[in-house]
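*Asks:* Can you keep this structure in mind? I'll have questions shortly.
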Amino acid sequence: MKRLSSTDADLRTAGKAIKDGLLVAFPTETVYGLGGDGFNRSALARIFQAKRRPRFDPLIIHIAEIDTLDRIGCRDALPRSLQEKITVLTKTLWPGPLTLVLPKRPEVPDLATSGLNTVAVRFPSHPAAMKLIAYSTGAVAAPSANPFGYLSPTRAEHVEKLLGDAVDFIVDAGPADIGVESTVLDLTQEPVRLLRPGGTPREKIESLIGKIESREKATDAPRSPGMLKSHYAPRTPLVLLTREQLLEQIAVDRDAGRSRAYLFFDQETREESGAVDGFVLSRGGGCAEAAASLFDVLHQMDGLSADCIYAQRAPERGLGAAINDRLSRASMRREDD
Ligand code: AMP
Ligand code: MG
């Protein structure tokens, strides 16, 4: 793996590498992605191989211009009400951490969409990502740059450690700002459905296009493997607790003379617990700060060889919903474990 910086010259090198069918890990505002040309079958196959990602888990195609959307998806095939919603969302929230699922154009390889007749598209706002995509083919398939099912990478070092030479280049532009993956919305039919909570809060989407439905409530939802029960998981078992349950657990551990790996949502809870160590997601108690540090802290905690991580739930609002989604899936054991 060759390291690149986010200078214009390096981003041109990275863009050319993607044009040549190579794989480039790069920063986005959500997490680091593993990019390959979205229309190149062998590059797509290498993405699945590098991540050991099952072929049933479709990729998100990243673009750097709104017009490219129509090379990938068919929004004109949708009823007018959905087309209007797409226009409002793309005008207001793109570029940004929002992925739209639309009917797919036949030119998009089936490998990218795992054989579905729909395709997921996102326009990221990270300046290095935007340039790299523009310097490449303009349509870059980029799942998170981690082995399938494991914690997502929010720093170049995470990618290096996790994927190493399975990747040709990595663009290092420091830690990702948002820290949780994009929100995935299905716009192929009414009602619009939230397939994955993420960097764009549900409240913001609903303020623009009205009420949306949760994936769990839908009966005929398309398969969205990002919704696998166990995902984003550290090797160390993780138990997700409310604030009160965590305080109780710490008191029990203290009486038994043991200390464990505790993950606090905020500093106030840590102080109240009296625990001498432990990790805190947000000093100021805000969800955006907590989301930004979530995966980095979990990577660190997974290196402690602890028996178990006890993690505190975030408040279920704004980015807190995405944090709780990731923590709750991190707490499910994988079938192969
Ligand atoms: P990742 O790229 O690792 O953030 O994961 C991408 C996720 O986006 C997948 O796991 C799915 O949940 C979702 N996704 C991608 N394409 C589609 C699609 N065509 N229909 C529904 N969900 C999709
Ligand atoms: Mg992922």
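The values are calculated or read from the model by the stated rules, or taken from the named source; none is laboratory data. Keep in mind the model is a prediction, meaning the values are calculated, not measured. Quick reminder, even Gly has a Cβ in these numbers, built from the backbone with ideal geometry, and neighbours come from all protein chains shown. Surface areas here come from the heavy atoms of the whole protein model, side chains and all, with no ligands, DNA or RNA. Shrake-Rupley method; radii C 1.70, N 1.55, O 1.52, S 1.80 Å.
*Asks:* Report, by residue number, each residue of the stretch 54-97 that is open to solvent by 70 Å² or more (accessible area, probe 1.4 Å) and not aliphatic (A, V, I, L, M).
*Replies:* Of the stretch 54-97, the ones open to solvent by 70 Å² or more (accessible area, probe 1.4 Å) are 55-56, 65, 67, 71, 76-77, 79-80, 84, 91-92.
Residues satisfying the conditions are ARG55, PHE56, GLU65, ASP67, ARG71, ASP76, PRO79, ARG80, GLU84, LYS91, THR92.
*Asks:* Could you tell me whether LEU11 is open to solvent by less than 10 Å² (accessible area, probe 1.4 Å) and within 16 Å of ligand 2 (Cβ to nearest atom)?
*Replies:* Answer is no for this residue.
*Asks:* Out of everything in the stretch 302-315 that is in contact with a Phe, Trp or Tyr (Cβ under 6 Å, 6 or more places away or on another chain) and open to solvent by less than 20 Å² (accessible area, probe 1.4 Å), what residue ends up being nearest to GLU248 (Cα to Cα)?
*Replies:* It comes out as GLN312.
*Asks:* May I pose another question? Residues that are more than 12 Å from ligand 2 (Cβ to nearest atom), assigned to a loop (DSSP other than H, G, I, E, B), surrounded by fewer than 23 Cβ atoms within 10 Å (Cβ to Cβ) and not acidic (Asp, Glu): does the stretch 147-162 have at least one?
*Replies:* Yes, the conditions are met somewhere in the stretch 147-162.
*Asks:* What are the pairs with Cβ atoms under 8 angstrom where one residue, in the stretch 28-43, is more than 22 Å from TYR150 (Cα to Cα) and the other, located anywhere, is acidic (Asp, Glu) and assigned to a loop (DSSP other than H, G, I, E, B)? Sequence gap at least six, or different chains.
*Replies:* PHE39/GLU107
*Asks:* Oh, and also: Yes or no: the stretch 157-171 includes at least one residue that is within 22 Å of ALA322 (Cβ to Cβ), at pLDDT 95 or above and β-branched (Val, Ile, Thr).
*Replies:* yes
*Asks:* A follow-up question, please. Considering each residue of the stretch 150-182, count those that are small (Gly, Ala, Ser) and away from ligand 1 (no atom under 16 Å from the Cβ), and give that number. Let's see the steps before the verdict.
*Replies:* Here is the first cut: in the stretch 150-182, the ones small (Gly, Ala, Ser) are 152, 156, 164, 166, 173-174, 176, 179, 182.
Still in the running and away from ligand 1 (no atom under 16 Å from the Cβ): 156, 164, 173-174.
Residues meeting the conditions: 4.
*Asks:* Ok, one more. Among the residues of the stretch 37-54, which ones are outside any helix (DSSP H, G or I) and within 15 Å of ligand 2 (Cβ to nearest atom)?
*Replies:* Of the stretch 37-54, the ones outside any helix (DSSP H, G or I) are 37-40, 52-54.
Those that are outside any helix (DSSP H, G or I) and within 15 Å of ligand 2 (Cβ to nearest atom): ARG52, ARG53, PRO54.
*Asks:* Could you check the stretch 165-190 and list, in sequence order, the residues that are under 23 Å from LEU44 (Cα atoms) and either more than 16 Å from ligand 2 (Cβ to nearest atom) or touching a Cys at 6+ places or on another chain (Cβ under 7 Å) (or both)?
*Replies:* ASP165, ASP168, PHE169, ILE170, VAL171, ASP172, LEU185, ASP186
*Asks:* What number goes with the only condition from (1) in a strand (DSSP E or B); (2) within 28 Å of ASP296 (Cβ to Cβ) that LEU11 does not pass?
*Replies:* LEU11 satisfies all of (1) in a strand (DSSP E or B); (2) within 28 Å of ASP296 (Cβ to Cβ) except (1).
*Asks:* Taking the stretch 75-129 on its own, how many of its residues are of a type in the set (D, E, K, R) and within 16 Å of ligand 2 (Cβ to nearest atom)?
*Replies:* Qualifying residue count for the region: 1.
*Asks:* I'd like the residue in the stretch 194-212 that is part of a loop (DSSP other than H, G, I, E, B) and more than 16 Å from ligand 2 (Cβ to nearest atom) and, out of all such residues, is surrounded by the most Cβ atoms within 10 Å (Cβ to Cβ).
*Replies:* THR200
*Asks:* Moving on to the next point. So which of SER114, SER144 ends up being in contact (Cβ under 8 Å) with a residue 40 or more places away in the chain, touching a Pro at 6+ places or on another chain (Cβ under 7 Å) and surrounded by fewer than 23 Cβ atoms within 10 Å (Cβ to Cβ)?
*Replies:* None of the others qualify; the one that does is SER114.
*Asks:* Same structure again: Of all residues in the stretch 266-296 being of a type in the set (A, V, I, L, M, F, W, C) and part of a strand (DSSP E or B), which is surrounded by the most Cβ atoms within 10 Å (Cβ to Cβ)? Working first, answer last.
*Replies:* Pass one, the stretch 266-296, residues of a type in the set (A, V, I, L, M, F, W, C): 275-276, 279-281, 287-288, 290-292, 294-295.
Next, only the ones that are part of a strand (DSSP E or B) stay: 279-281.
Working: PHE279: 18, VAL280: 21, LEU281: 27.
Once the filter is applied, the top-ranked residue is LEU281.
*Asks:* Can you run down the residue pairs with Cβ atoms below 8 Å, 6 or more apart or on separate chains, where the first is in the stretch 164-193 and part of a loop (DSSP other than H, G, I, E, B) and the partner is within 16 Å of ligand 2 (Cβ to nearest atom) and open to solvent by 40 Å² or more (accessible area, probe 1.4 Å)?
*Replies:* Qualifying pairs under 8 Å: GLY174/ARG155; PRO175/ARG155; ALA176/ARG155.
*Asks:* Tell me whether the stretch 236-259 contains one or more residues that are at negative phi, open to solvent by less than 70 Å² (accessible area, probe 1.4 Å) and in contact with a Gly (Cβ under 6 Å, 6 or more places away or on another chain).
*Replies:* No: the stretch 236-259 contains no residue that is at negative phi, open to solvent by less than 70 Å² (accessible area, probe 1.4 Å) and in contact with a Gly (Cβ under 6 Å, 6 or more places away or on another chain).
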